[in-house]
1. Specify the residue that is surrounded by the most Cβ atoms within 10 Å (Cβ to Cβ); the eligible residues are those in the stretch 109-140 that are within 10 Å of the chain's Cα centre (by Cα) and in a loop (DSSP other than H, G, I, E, B).
2. Across the stretch 252-265, which residue is farthest from A118 (Cα to Cα) among those that are in contact with a Ser or Thr (Cβ under 9 Å, 6 or more places away or on another chain) and modelled with pLDDT of 90 or more?
3. Here are the criteria: (1) exposed (fewer than 14 other Cβ atoms within 10 Å of the Cβ); (2) modelled with pLDDT of 95 or more. Tell me which single one R80 does not satisfy.
4. From the list S66, S25, S6, S46, exactly one residue is modelled with pLDDT of 85 or more, out of contact with any Pro (no Cβ under 6 Å at 6 or more places or on another chain), surrounded by fewer than 19 Cβ atoms within 10 Å (Cβ to Cβ) and among the polar types (S, T, N, Q). Which is it?
5. Would you point out which residue out of R73, R61 is within 15 Å of the chain's Cα centre (by Cα) and basic (K, R)?
Amino acid sequence: MVPSASSAAFLGLFILASAMSAGASAPPGMARLPAGEVTLPFLRDSSETRVPVPAFWLDKRAVTPSEFLDFVRRNPSYTRSRISRLFADEGYLRHWRGDLQPHPRSLNAPVTGVSWHAAKAFCADRGKRLPTTAEWERAAATREAGDTDVDGAARERAILSWYSRSTQEEPPATGSGTRHAFGIRDLHAVIWEWTSDFNAWTPSGVNKRGVSEDGLFCGGGAAGMAPNTPYATFMRWGFRGSLKADYTLGTLGFRCARDDSPTGD
């Protein structure tokens, strides 16, 4: 059957609208990472360290003070003077000059001094969520096309150099850290970042494998690491395991993620 002119026109408009919708479905400021897998280093059995990661979206850069300021203006219970001590310790936004006054020197840097509870609430307010640890590690392991640091040695040196900086220093500006694939920036060497399950991979979380619960910064913690784990990676996992959800630090911030879907919604 040959379609009528009106039917053909309608079909053409439908295809055009679908294409426009698909192009507009990419969330602003986010990158889509295709499905893959990542090695999580605390389990010794190599058959169990490769964790599948479904496709997801991730913010290209960490949340900034101006973005967090917009959030607290609309959610006063998360201002510095009003937040419950159940949700943040005394260091929450301590470097701000007031409830609605980020320090001018930090405006170009990622927001820090934010607890896990507040970071989670911010992401939910934007229709997003915190990335899982597996998602964060998958994104951090990606490299730009043409990256000659095949074995990661240069990246390892840069991360360790950042670890040696004083925690009293202002975080570097966004965009000054490591470049990753898909336009993602700063997962290394700018700030530490919250993940939704930051404490799920500590030794106590995997003690069914016989790992000691003595802690991450002692022999029991080191014994639980997979062989050949880089020192920078060990430090990152150790840092996560030392956190609690109400902690705030001047070097700890976050970015948001969201699930992938066929429509991008």
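1. Per the criteria, the residue is P131.
2. A257
3. (1)
4. S66
5. None of the others qualify; the one that does is R61.
One line per residue, one yes/no per condition, for (1) among the β-branched types (V, I, T); (2) modelled with pLDDT of 90 or more; (3) within 20 Å of L249 (Cα to Cα); (4) touching a Ser or Thr at 6+ places or on another chain (Cβ under 6 Å):
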residue	(1), (2), (3), (4)
Y163	no, no, yes, no
A173	no, no, yes, no
I184	yes, yes, no, no
T195	yes, yes, yes, yes
K208	no, no, no, no
V211	yes, no, no, no
L216	no, no, yes, no
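The values are calculated or read from the model by the stated rules, or taken from the named source; none is laboratory data. Remember, predicted model here, so these are calculated numbers, not experimental data. So basically every Cβ, Gly included, is an ideal-geometry build from the backbone, and we count neighbours across all protein chains shown.
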